[in-house]
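The values are calculated or read from the model by the stated rules, or taken from the named source; none is laboratory data. In this text, all values refer to a predicted model and were calculated from it rather than measured experimentally. Positions of Cβ are generated from backbone atoms using ideal geometry, with glycine treated the same way; all protein chains shown enter the neighbour counts. Remember, those area values only see protein heavy atoms, side chains included, never the ligands or the DNA or RNA. Shrake-Rupley method; radii C 1.70, N 1.55, O 1.52, S 1.80 Å.
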Amino acid sequence: MRIDIISVVPELLESPLNQSILRRAQEKGLVEIVVHNLHDYAHDKRKTTDDYPFGGEAGMVMKCEPVFELIEKLQSERDYDEIIFTSPDGITYDQHEANRLSTLGNIIILCGHYKGIDFRIREHLITREISIGDYVLTGGELAAAIITDSVVRLIPGAIGDEESALTDCFQDDLLAPPVYTRPADFRGWKVPDVLLSGNFAEIEKWKETQAYERTKQLRPDLLEKLE
Ligand code: SAH
């Protein structure tokens with residue numbers, strides 16, 4: 001898989017994309033993540049990528065030309081399955097969308113900044129608009145990092161224990177059961193007996209019940225979706 005991220009502040013993406021599981025996934029060749037600095041595609045001396053909005057609103061708007069030039073250059077090099085714009089008015093991001101994106105070959109994520117981007121980019125270039133929640137960020141970089149992180153960890157081989165991504169919260173529309181590690185007794189607080197029993201059928205049953213009960217208590221809306 002290849003993920004191209006377009007930003008006017010690429011520094012914001014450096015750390016989140018280059019540590020831990022994301023770093024190892026790139027080293028193993030499971031994913032190629034390429035961050036592009038949009039300023040490299042501005043042609044004036046000041047490397048301008050934004051301009052005043054028509055109609056006299058406050059704030060600056062990202063210009064069409066550098067974005068079209070860069071994305072059309074990328075499209076001439078390979079096919080892209082999705083050209084994503086991070087936007088508070090997009091579809092709300094969730095695990096189903098992460099699963100879907102993780103099966104694609106090449107995607108572009110365009111990060112907005114300032115007041116947003118010229119609407120013609122959204123109309124004529126973007127194929128998917130994604131919001132990470134009902135709040136407003138200063139730029140799309142953190143949203144792009146979240147999307148990339150959640151997608152890459154789903155690529156087979158990215159996480160050591162193959163199974164572990166499948167047993168996470170939301171994978172079957174249920175929250176994950178509690179997990180424990182040693183010591184079995186910490187300050188008198190004991191790990192549930194069943195987990196120490198060695199009886200795997202019982203352990204599985206306990207996990208399923210816990211997942212169901214926690215979902216019922218914390219996120220009943222997920223159960224409604226299931227039914
Ligand atoms: N004026 C715009 C917000 C601009 S915020 C509006 O009201 O819709 C600047 C940029 O941050 C946006 O273009 C978008 O790329 C990013 N952004 C802000 N909030 C976001 C969210 N909840 N999810 C994804 N991207 C977001």
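Numbers below:
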read-out	value
Relative contact order of the chain, defined on C-alpha pairs under 8 angstrom at six or more residues apart (%)	21 percent
Theoretical ellipticity at 222 nm over the chain - DSSP helices of four or more residues, -39500 (n - 2.57) apiece, nearest 500	-11000 deg cm²/dmol
Under the span-like rule (Cα at least 15 Å along the axis, Kyte-Doolittle mean at least 0.5), DSSP H helices of the chain	141-152
For region 114-227, accessible area per residue (1.4 Å probe, heavy atoms of protein chains only), Å²	67 Å²
About the Cα centre, charge dipole magnitude for the chain (Lys/Arg +1, Asp/Glu -1 at Cβ), debye	560 debye
For region 139-189 versus region 67-115, the gap between their alpha-carbon centres in whole angstrom	23 Å
Average silhouette area of region 104-227, convex hull of alpha-carbon atoms, in square nanometres	12.0 nm²
Accessible area of the chain belonging to carbon and sulfur atoms, whole % at 1.4 Å probe	52 percent
Within straight-line cross-link reach of K216, lysines at Cα separation under 25 Å, skipping those fewer than 8 residues along the same chain	K190, K205, K207, K225
Beta bridge orientation in the chain: antiparallel %, DSSP, nearest 5	20 percent
